[in-house]
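Encoded as structure tokens, the structure appears first; notes follow it.
The values are calculated or read from the model by the stated rules, or taken from the named source; none is laboratory data. Just so it is clear, the structure is predicted and the values come from calculations on it, not from any experiment. Virtual Cβ from ideal backbone geometry, glycine too; neighbours counted across all protein chains shown.
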Amino acid sequence: MSEAFAAGDEFAEIHDELRTVARDLLGKAGRETAVDWSLIARSGWLGLEAPTEFDGAEATFAEVAVLLGELGRAAASGAYPAVAALGLGALGLVTPNPERDTLLRDTVAGASVPIVVLSSGRSPALDLDEPEFRLVDGANGPTLHGSADFVLDAASADRLLIPASTSDGEIVLAAIEPGDLVTEQPVVDETRGFGRVRVDGLSIAPEQVWHFDGDGARALGRLRDRAVVALACDSLGLSEAMLDATVEYVGVREQFGRPVGSFQSVKHACADMLVQVTVGRQLVSAAVRALVADTPDASTAASMAKAFTSAAAVDIAGKAMQLHGGIGYTWESGIHQYLKRAVLNRSLFGSPAEHRKVLARRYVPSIAE
């Protein structure tokens, strides 16, 4: 994603350095093993957006997006995207309190893994009205009820941050221990982990209920936008990896005494892949800038980036597999991991069709829900 944030960006040099370090670290870990969590913490990745008082770098989501793209490029596993995009994002949106401050400091240090409980199967653009959980007032205090499927990296959490609606309509964040509330949900993509979170009448102490700094519904929408853009960054990164691998392969693989990359049909296919990557870079760059600036059109930019990049990634990975010939269909090539990751990205937090439907409402407000 070297061009994604470079244009007009005064921090382009810093982003390039961050990208180089991330690519080296992820390259050493390989796709089969998640990067050691303590190494991620020591590298400062977890503290990019955190204030300096919590040993953070006080940077922005733009720097996090660089790392998210590199994770996609490496098809890396691990809980960093869920923690950086959602966990730390949620901690930055709630009103400071002693419990939140302790968790934020522990997260930056790598001692805690907070996971926000949002169902990745729900469209963030179509389901902004109500959280999946609710707090019900009782004689002995509030109790938490609800469930969410396919929560990203729920099984890795040592703290669950659950958006919930109260009896008076406020959206708050309930911070609880996972205990036996999480059930793993396996998927075909082995680089990702998901879990079902089900809570039925769990008593919540007052200090476990955190209020958002401002409107809770808007904060929840912002978290979903972060999730959408994080997936767009991942899809763009894996698309770039597949383009680079394909161009390199067709340049050395020979048939009929000449590189297959010299054939017109192969050139056209690679050119199509490049066009898709280039358009995706521009859309992701615009979405990241909108999120950082918190502009009114941030959700629109996020939907545009997600709709395009997640669909393009499937197409690019599929073409990469074809252009690699027979070797592309083997387990050893590793292309299958990128294709499965791309297909999963396409369905998480809203399909391209769902996001396009929302985008269309800007022009035809009467489109049916």
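Of the residues that make up the range 215-229, is at least one more than 16 Å from the chain's Cα centre (by Cα), within 21 Å of Leu344 (Cα to Cα), not charged (D, E, K, R) and not assigned by TED's automatic domain parsing to the domain that holds Ala75? Reasoning before the result, please.
First, pick out the residues of the range 215-229 that are more than 16 Å from the chain's Cα centre (by Cα): 215-219.
Subset that is within 21 Å of Leu344 (Cα to Cα): none.
No, the conditions are met nowhere in the range 215-229.
Please verify whether the range 285-298 includes one or more residues that are farther than 19 Å from Thr60 by Cα, surrounded by fewer than 16 Cβ atoms within 10 Å (Cβ to Cβ) and not aromatic (Phe, Trp, Tyr).
Step one: of the range 285-298, the residues farther than 19 Å from Thr60 by Cα are none.
No, the range 285-298 has no match at all.
Being among the small types (Gly, Ala, Ser), farther than 18 Å from Gly121 by Cβ and surrounded by 22 or more Cβ atoms within 10 Å (Cβ to Cβ) is the requirement here; does Ser239 meet it?
For Ser239, the condition - among the small types (Gly, Ala, Ser), farther than 18 Å from Gly121 by Cβ and surrounded by 22 or more Cβ atoms within 10 Å (Cβ to Cβ) - is met.
Scanning for something among the aliphatic types (A, V, I, L, M) and farther than 17 Å from Met304 by Cα, does the range 221-231 turn up at least one residue? Before you say what the answer is, go through the steps one by one.
Step one: of the range 221-231, the residues among the aliphatic types (A, V, I, L, M) are 223, 227-231.
Okay, now just the ones that are also farther than 17 Å from Met304 by Cα, so none.
No.
Leu202 - would you say it is out of contact with any helix residue (DSSP H, G or I) (no Cβ under 8 Å at 6 or more places or on another chain), in contact (Cβ under 8 Å) with a residue 24 or more places away in the chain, within 21 Å of Gly87 (Cβ to Cβ) and not in a helix (DSSP H, G or I)?
Working: out of contact with any helix residue (DSSP H, G or I) (no Cβ under 8 Å at 6 or more places or on another chain): yes; in contact (Cβ under 8 Å) with a residue 24 or more places away in the chain: yes; within 21 Å of Gly87 (Cβ to Cβ): yes; not in a helix (DSSP H, G or I): yes.
Spelling it out, Leu202 is indeed out of contact with any helix residue (DSSP H, G or I) (no Cβ under 8 Å at 6 or more places or on another chain), in contact (Cβ under 8 Å) with a residue 24 or more places away in the chain, within 21 Å of Gly87 (Cβ to Cβ) and not in a helix (DSSP H, G or I).
Got a number for residues in the range 70-95 being out of contact with any His (no Cβ under 6 Å at 6 or more places or on another chain) and farther than 15 Å from Glu49 by Cα? Before the answer, list the steps.
Quick first cut of the range 70-95, residues out of contact with any His (no Cβ under 6 Å at 6 or more places or on another chain) only: 70-94.
Adding the requirement that they be farther than 15 Å from Glu49 by Cα leaves 70-79.
Result for the range 70-95: 10.
Checking Ile162 against (1) outside the structural domain of Asp24 (by TED's automatic domain parsing); (2) modelled with pLDDT of 95 or more; (3) over 22 Å from the mean Cα position of the chain (by Cα): exactly one of these is not met. Which one?
The single condition Ile162 does not satisfy is (3).
Considering only helices (runs of 4 or more DSSP H) fully contained in the range 1-113, which possess at least 1 residues that are surrounded by 18 or more Cβ atoms within 10 Å (Cβ to Cβ), touching a Cys at 6+ places or on another chain (Cβ under 6 Å) and modelled with pLDDT of 95 or more? So that I can check it myself, show each step before the final result.
Details: elements: 12-29, 37-42, 61-73, 88-91, 98-108.
Those helices (runs of 4 or more DSSP H) span 61-73.
Within the range 320-334, how many residues are in a loop (DSSP other than H, G, I, E, B) and either within 27 Å of the chain's Cα centre (by Cα) or more than 17 Å from Asp272 (Cβ to Cβ) (or both)?
Narrowing the range 320-334 to residues in a loop (DSSP other than H, G, I, E, B): 324, 330-334.
Going one step further and asking which of them are either within 27 Å of the chain's Cα centre (by Cα) or more than 17 Å from Asp272 (Cβ to Cβ) (or both), we end up with 330-334.
Qualifying residue count, the range 320-334: 5.
Against the conditions (1) crowded, with 17+ Cβ neighbours inside 10 Å; (2) touching a Leu at 6+ places or on another chain (Cβ under 9 Å); (3) among the small types (Gly, Ala, Ser), where does Ser156 fall short? Just the number, please.
(2)
Do any residues in the range 67-78 that are closer than 11 Å to Glu240 by Cα have Cβ atoms under 7 Å from those of residues that are aliphatic (A, V, I, L, M) and in a helix (DSSP H, G or I), where the two are at least six apart or on different chains, and which pairs are they?
So the pair list comes out as Gly69/Leu236; Glu70/Ala22; Glu70/Leu26; Gly72/Leu236; Gly72/Leu238; Arg73/Leu238; Arg73/Ala241; Ala74/Leu26.
Please count how many residues of the range 228-280 are in a helix (DSSP H, G or I) and farther than 20 Å from Leu339 by Cα.
If we filter the range 228-280 for residues that are in a helix (DSSP H, G or I), which is where we start, we get 228-252, 260-262, 264-280.
Narrowing the set further to residues that are farther than 20 Å from Leu339 by Cα leaves 251-252, 260-262, 264-265, 267-268.
So the answer is 9.
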